[in-house]
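For reference, the structure discussed in these notes is given below.
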Amino acid sequence: MSRQFAIISVIACVITQAAITAGGPTQVERGTALLWNNDHPIAYKIDKGPLGKIDEAKARTFVEEAMNTWAQVTTTRLQLTPSQLGEDIKTATRYLTVAGDASVGSIVVLDNVGDIIKGLYGEGQEVNILGFASPRLSGAHVTRFVALMNGFVSDDHAMVRSTMVHEFGHALGLDHTQINSGLAKNGDPSDDEFIPTMFPTSGDDDSTLMNLNPDDVAWISKLYPNDQFSKAYGTIRGKLIRKDKTPVLGANVVAIALLKGREDSMMRFSCVSDYLMTSDGAFEIVVTPGSYKLFAEPILHGFAGGSSVGPYAASLREASFKNRIKLTRFPSSISVKAGEVTDVGTLIAQ
Ligand SMILES: [Zn+2]
């Protein structure tokens, strides 16, 4: 079993277990992404105590650095205010009480040796679950998150820090991406730099997830743009349908940058079709200016439940896994300019 970066959503009507390619927002209501109200800073508290072999001060630094990885993106506007929680949460029972108490606000729980994970998910799961984050809604906004980091794996600082950056991406409203999935477990750690931070599961070398990839940066910027965003990004917009003209719900659409005519491994951006659940197969891919080629692919079977990619992958019974499309490459080269939308119209998947 591969280790998971799980996101547990409590919003059963939206995405029951998880999340899209940082290709999008993690929670949507028909036509709208549910995000933080960015007019206010996002205040969060960090649980007391160590994280396994990482002492309290260092764990706190790791948490703040991981959060800042997102806030420091130059095309985004996020204000984060950390503080310390007045206790060390040690048991699953206490965790559930605190997680269920909205008055506590947003919390990052440091599960010292994995006891809370064991209590929540069962003996042995402390080896598999690295951490999770759950954004909580009130009305049309995320108003709180509950994140937990597993100290059982604290020997590996790079793993801990990568997990934090990934989970805090969820806390801020990002979903998963399956960009470059063929490289994640191919036995070659040297190509894992091409795996985005919001990839759902572990790869050959997870230390690279600490650094955001172009898809991660594009999506956090689209969700929380600052005034630099429109100068740095353009948009590819379209709809993915089948030959019978029905919309494709929950397939992955990827834009690959063409650099000197060649497909670039790093500059890849994605969006799940019908990502806002508008029932028309619509996708919007935010990209840096340049030339692109598009392809569409099914969501991988492994990316359901806690590793789900997109709003139609909470279970294998959902639309992403029914009548799956075949890999479809669209031959036209697409030109995108900053601040502009390139509408590719309707694309027909095989
Ligand atoms: Zn995740």
Segment Asp156-Ser291, extension gain: residue separation times 0.36 nm, minus the distance between their alpha carbons: 44.7 nm
Check: the range 171-320 dipole with +1 on Lys, Arg Cβ and -1 on Asp, Glu Cβ, in debye: 720 debye
Within the accessible area of the chain (1.4 Å probe), percent carbon and sulfur: 50 percent
Accessible surface, per residue, of the chain when the full set of protein chains is kept, probe 1.4 Å, Å²: 39 Å²
Largest-first ordering by accessible area, 1.4 Å probe, given options Glu318, Glu340: Glu340, Glu318
Order by protection proxy (mean Cβ within 10 Å, highest first), peptides 203-211, 183-191: 203-211, 183-191
Unit charges on C-beta of K, R, D, E only; dipole of the chain, Debye: 1120 debye
12 Å beta-carbon shell around Ala133, net charge (K/R +1, D/E -1): 0
Descending principal axes extents, the chain, alpha-carbon based, whole Å: 56, 43, 41
Modelled label reach - Gln350, point 7 Å along Cα→Cβ, the range 301-338 residues with backbone N closer than 18 Å: 323-333
Förster radius 30 Å - calculated FRET efficiency between Ser279 and Asn68, Cβ distance, rounded to 0.05: 0.20
Cβ-based charge dipole, the chain, positive-most Cα from Leu240, Thr143, Gly306: Leu240
Thr246-Lys185 pseudo-label distance in nm [points 7 Å out on the Cα-to-Cβ vector]: 3.0 nm
Alpha-carbon centroids, the range 67-112 and the range 138-181: separation in whole Å: 11 Å
Folded to 0 to 90 degrees: helix 214-223 orientation relative to the chain principal axis, Cα: 80 degrees
Computed accessible area, His301, all protein chains, 1.4 angstrom probe, square angstrom: 100 Å²
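The values are calculated or read from the model by the stated rules, or taken from the named source; none is laboratory data. Fair warning: this is a prediction, and the values are worked out from it, not measured in the lab. As a convention, Cβ positions derive from the backbone with ideal geometry for all residues, glycine included, and neighbour counts pool all protein chains shown. Each accessible area value is taken on the protein alone, full model and side chains, heavy atoms only, with ligands, DNA and RNA left out. Shrake-Rupley method; radii C 1.70, N 1.55, O 1.52, S 1.80 Å.
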